[in-house]
Amino acid sequence: MNTESEKEQFLKEFGSDYGYANAPKNIDEIRATEFKRLNDTVYLDHAGATLYSESQMEAVFKDLNSTVYGNPHSQSSCSLASEDIVGKARQQVLSFFNASPREYSCIFTSGATAALKLVGETFPWSSNSSFMYSMENHNSVLGIREYALSKGAAAFAVDIEEGTHVGESESPKSNLKLTQHHIQRRNEGGVLKEGMTGNAYNLFAFPSECNFSGRKFDPNLIKIIKEESERVLESSQYCRGCWLVLIDAAKGCATNPPNLSKFKADFVVFSFYKLFGYPTGLGALIVRNDAAKLMKKTYFSGGTVAAAIADVDFFKRREGVEEFFEDGTISFLSIAAIQHGFKIINMLTTSSIFRHTTSIAAYVRNKLLALKHENGEFVCTLYGLLSSEMGPTVSFNMKRPDGTWYGYREVEKLATLAGIQLRDVFAILVLVLNILVCHTWIFFQILRLGMCAGMIVTFYMENQLEQSEYLLVTCQHSKMP
């Protein structure tokens, strides 16, 4: 492979998108100054975790070494410093999603999964409710189904077929089609009765970007479900009632965060380490204030009540949305650190990161699709290619010349020997099987044999074209018997 000629061809096609030409630092400078620790490591597992930059961590340590932060539930000057930095962090998060504080609140959690759990356990489920979710969803979203089913609600998956355009179109109504799967119920006594769904609250969940395939979902789904559920679900009895919409932005927010000023989702969840590597163990639930009023919370803790009496059945909850839902002392030191992570995001801008990373991903997809064995058989099968817009993820598996599949451990071992860090799909196997529409017996055979459907590579802000070449060379080696 002639690396120089390949790069010349790449820049001819993607040069306007690649490399942050208009930023204070271009890609080569970013790699050399902010990620020196990578050395010869080719890190392509940004779907699992992104990497923190060196200047980010230096700023975090400087902040912690020069400022005393106290428990924000106290009233000392140190505590007030924490309260102030937490308030600024909430505003920074809302601004990142273009969400007005008059309309949305930022609830800090231990991560996207905890945020999803919070929605599931406080949502106003009833026997007339429905939980609808796209087939391409993370297992943490599927876990909400347990809360819905336990309350007698219906749950079902939908396939989402898109038209020719994905994005901020003004007339999205004819572009999307939803196909409903089997209705799941545990309490048959809770079957919907005609005329009893007027006050029922339903929840629809979808990812902004699929963890496996990199497929990006049209944010116009929010308006369509809220306003036209009867049309898209073809007047199914499960489409009635008031629909609230949840976006799992854990994967997609790093390059294309939902614009909540235009697409009025009720809940958005994400984790900060998926944005800028550090801190881990911290995420947020962005909740529409009107939706927060509907959520039913049972437990209270020190941070969520204004008063409680031990020997009398009495307590009074705090008034604020954040105070109502954030149990105990929030991770205020981690929250103080996120301002430094946002600095590099703001310096490059999410739109530039998106263009940079998707240009590399598009190049890799084209190269993988062109790989052939000497007998003319294709080496790679890629997923998500039917989507009209893709993120910076490439998911694929590989075949031998005789058409049999390479096991994921074989590919993983080859990648490790080449210094490439990627993700085997075994980590999100249930999601993969949903996408591939495997039968149940195939699912259990795959679990029993330890097989897997493929590999995932995801590019992010610090990746150069050269790292993708390492991957392509590794895949080239699979052409040898």
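If each of I309 and N98 carries a label point 7 Å out from its Cα toward its Cβ, how far apart are those two points in nm?
5.1
Provide, for q = 0.11, 0.14, 0.17, 0.23 Å⁻¹, the log10 of I(q)/I(0) from a solvent-free Debye sum over equal Cα point scatterers in the range 235-348.
Taken in order of the listed q values, log10 I(q)/I(0) reads -0.51, -0.77, -1.00, -1.33.
How big is the range 77-347 by Rg and Dmax over its Cα atoms, in Å?
Taking only Cα atoms of the range 77-347, I get Rg and Dmax of 19.0, 64 Å.
Quick check: Cα centre of the range 311-387 to Cα centre of the range 116-166, how many Å?
Measuring centre to centre over Cα atoms gives 21 Å.
Please get the size of the charge dipole for the range 77-347, origin at its Cα centre, with Cβ charges of +1 on Lys and Arg and -1 on Asp and Glu, quoted in debye to the nearest 20. Don't skip to the answer; put the middle values down first.
Numbers: 29 positive and 29 negative charges, 11 e Å.
Here the size comes out at about 60 debye.
Under a point-charge model restricted to the Cβ atoms of Lys and Arg (+1) and Asp and Glu (-1), what is the dipole moment magnitude of the chain relative to its Cα centre, in debye to the nearest 20? Mind showing how you got there, number by number?
Working: 47 positive and 52 negative charges, 142 e Å.
Taking the Cα centre of the chain as origin, the dipole is about 680 debye.
Per-residue counts of other Cβ atoms within 10 Å, averaged by peptide: what ranking do you get for 215-221, 147-153, 365-371, highest first?
Details: 215-221: 23.9, 147-153: 19.6, 365-371: 16.3.
Ranking the peptides 215-221, 147-153, 365-371 by packing returns 215-221, 147-153, 365-371.
For P(r) over Cα pairs in 10 Å bins from 0, in percent, pick the label among (i) 4, 21, 30, 25, 13, 6, 1, 0; (ii) 4, 18, 27, 25, 17, 7, 1, 0, 0; (iii) 5, 23, 34, 27, 11, 1 that corresponds to the value derived from the coordinates.
Given (i) 4, 21, 30, 25, 13, 6, 1, 0; (ii) 4, 18, 27, 25, 17, 7, 1, 0, 0; (iii) 5, 23, 34, 27, 11, 1, the structure-derived one carries the label (ii).
Quick one: length gained pulling L369 to H181 fully straight, 0.36 nm per residue minus the C-alpha distance?
Values: separation 188, 0.36 × 188 = 67.68 nm, distance 3.16 nm.
Stretched fully, the L369-H181 segment lengthens by 64.5 nm.
Order by neighbour count: V321, V364, V287, fewest other Cβ atoms within 10 Å first, most last.
Working: V321 19, V364 24, V287 28.
Final ranking by Cβ density, sparse to dense: V321, V364, V287.
What number, rounded to the nearest 500 deg cm²/dmol, is the helix-based mean residue ellipticity at 222 nm of the chain, given -39500 (n - 2.57) per DSSP H run of at least four residues and division by all its residues? Before the final figure, lay out each step's value.
Numbers: 17 runs with 179 residues, N = 481.
Here the helix-only value at 222 nm equals -11000 deg cm²/dmol.
Can you give me the relative contact order of the range 77-347 as a percent, contacts being Cα pairs under 8 Å and 6 or more apart? Write down the numbers at each step before the final one.
Values: 508 pairs, mean separation 63.4, N = 271.
Normalised by residue count, the contact order of the range 77-347 is 23 percent.
If you average the sequence gap of Cα pairs under 8 Å that are 6 or more apart and divide by the length of the chain, what percent do you get for the contact order?
Details: 871 pairs, mean separation 100.3, N = 481.
21 percent.
By Kyte-Doolittle mean hydropathy of at least -1.0 and Cα axial length of at least 24 Å, which whole DSSP H helices of the chain are selected? Don't skip to the answer; put the middle values down first.
Numbers: long enough: 77-96 (28 Å, 0.17); 332-348 (26 Å, 1.26); 350-370 (30 Å, 0.17).
Flagged H segments are 77-96, 332-348, 350-370.
So for each of 353-363, 414-424 I average, over its residues, the number of other beta carbons within 10 Å; can you give me the resulting order with the highest mean first? Please report the intermediate quantities before stating the final value.
On the way: 353-363: 21.8, 414-424: 17.3.
So the peptides 353-363, 414-424, ranked by packing, come out 353-363, 414-424.
No lab work stands behind these numbers, since they all come straight from the coordinates. Source: prediction; values computed, not measured. A quick note on method: Cβ atoms are made from the backbone with ideal geometry, for glycine too, and the neighbour counts reach across all protein chains shown.
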